Amino acid sequence: MQIARVKGTVVSTNKAEKLMGLKLLVVKPIDLETMEEKGSPIVVVDAVGAGEGEVVMLVGGSSSRQTAATENKPVDQSIVAIIDHIDIDNKRVFQKFQ
Amino acid sequence: MQIARVKGTVVSTNKAEKLMGLKLLVVKPIDLETMEEKGSPIVVVDAVGAGEGEVVMLVGGSSSRQTAATENKPVDQSIVAIIDHIDIDNKRVFQKFQ
Amino acid sequence: MQIARVKGTVVSTNKAEKLMGLKLLVVKPIDLETMEEKGSPIVVVDAVGAGEGEVVMLVGGSSSRQTAATENKPVDQSIVAIIDHIDIDNKRVFQKFQ
Amino acid sequence: MQIARVKGTVVSTNKAEKLMGLKLLVVKPIDLETMEEKGSPIVVVDAVGAGEGEVVMLVGGSSSRQTAATENKPVDQSIVAIIDHIDIDNKRVFQKFQ
Amino acid sequence: MQIARVKGTVVSTNKAEKLMGLKLLVVKPIDLETMEEKGSPIVVVDAVGAGEGEVVMLVGGSSSRQTAATENKPVDQSIVAIIDHIDIDNKRVFQKFQ
């Protein structure tokens, strides 16, 4: 799964019927080596109520449809977790601001 | 999901039976960092009635079959939304022409 | 979906039982920007009776199994259409030889 | 499938309900040519009880949901095996420490 | 589908239950342009009884589970054919040693 930061929103009124009510967010992938944003922003569906600036976990492909919010929906990237902390090589590389 | 701009059309008469009646469009991916077109054009199925020049959202893989138009069809990229506006870091980076 | 040109054939006698009777072709991807071949050749299953030299549309992943010929088969790239013409920015960039 | 080494952990309390009870690990891909770590770390679900430092096999996409632990879960990369040894060109390139 | 050459084996005793009895092989992708090995080795499941040195066809993603050996198994790359010969542009670029 990919770690990313929430950066913005996408709004569409003319869309596939099954997308009605889903929240579309713009996120930017985070490189876990440096914890810096890296690569182009992507559009995802929010399945957990993530807010701008939060560090989240994305799930892609058919697995992005395996949540209560996204079941059978035409989406290929979903936010499925808000990250509390990440430890690599016994060092805390990310800690959510409380 | 990927943001792209509609650029053209593809026509085929000899095709898998399940593709009959589906509209094939050529789109070019848009980099959300710059809002410029970037990368090679791709062929997609239109599930929402998108017109040339419009900025749309694509869904790929098995999820591209999760619309009324594309269910069980041999397609791997579908247009599922026409974009109204995109906000990143509290700035409007795209606004559909009214 | 990807556009490609048929370049050759692959023959195998020792294969998964479900592949029996399927035709394996070698194709080369075409860049829609230049209409030139680009990238390494790949092996695909033919679901529409494509001939050598023809420009075709490929579908990948689970969607490549959504044709009468490929249903439930262990294939991940299928030819699902023979292309008649492609228009980009109101110019005809490809026209099948009649 | 991809070979990787377990490097750390990810903790999340606010997540999709189906992720409850699953262990999220950070792994780094290993290049089988050199047996060195290569590329950015990724987040995976542990389906076999892997420990830090162990060399494991990852399965991605819908196949990552084909274990007792991950069935129907919104995950797209799972650890499905702890590696004992790898032989390439009749040389042992990896042997698990006993 | 991808063409590759069998290079070695992977052994694991601690693995997902559904992987029991499956043979894990190391293969190296072959570039069909040059018929040379290219890129990093990958781990695959053997569904046809391939031997070291043989040139095989791989199927990836959910399609890799569409064989008698791999149905419902947590695998994302399977060997589904041993290649006899490959013709490109009317030239034989590969012929299996008899």
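The values are calculated or read from the model by the stated rules, or taken from the named source; none is laboratory data. It should be emphasised that the depicted structure is a prediction, and the values quoted were computed from it without experimental measurement. When we count neighbours, we look across all protein chains shown, and the Cβ atoms used for this are built from the backbone with ideal geometry, even at glycine.
Quick notes
This table checks each residue for (1) modelled with pLDDT under 95; (2) buried (at least 22 other Cβ atoms within 10 Å of the Cβ); (3) farther than 17 Å from D:Glu17 by Cβ.
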{"position": "A:Ile3", "(1), (2), (3)": "no, yes, yes"}
{"position": "A:Thr9", "(1), (2), (3)": "no, no, yes"}
{"position": "A:Lys18", "(1), (2), (3)": "no, no, yes"}
{"position": "A:Gly21", "(1), (2), (3)": "no, no, yes"}
{"position": "A:Glu36", "(1), (2), (3)": "no, no, yes"}
{"position": "A:Val44", "(1), (2), (3)": "no, yes, yes"}
{"position": "A:Ala69", "(1), (2), (3)": "no, no, no"}
{"position": "A:Pro74", "(1), (2), (3)": "no, yes, yes"}
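- Within region B:38-78, tally of residues that are without any contact (Cβ under 8 Å) to a residue 40 or more places away in the chain and among the aliphatic types (A, V, I, L, M): 6
- Residues of region B:4-19 that are aliphatic (A, V, I, L, M) and either at the interface with another protein chain (Cβ under 7 Å from one of its Cβ atoms) or free of Cβ contacts under 8 Å to residues at least 12 places away in the same chain (or both): B:Val10, B:Val11, B:Ala16, B:Leu19.
- Taking strands (runs of 3 or more DSSP E) as the structural unit, those lying wholly within region C:20-97 and holding at least 1 residues that are more than 8 Å from every other protein chain (Cβ to nearest Cβ) and under 9 Å from the mean Cα position of the chain (by Cα) correspond to C:24-31, C:42-46, C:55-60, C:77-82.
- Yes/no for B:Lys7 being closer than 20 Å to B:Phe94 by Cβ and in contact with a Pro (Cβ under 8 Å, 6 or more places away or on another chain): yes
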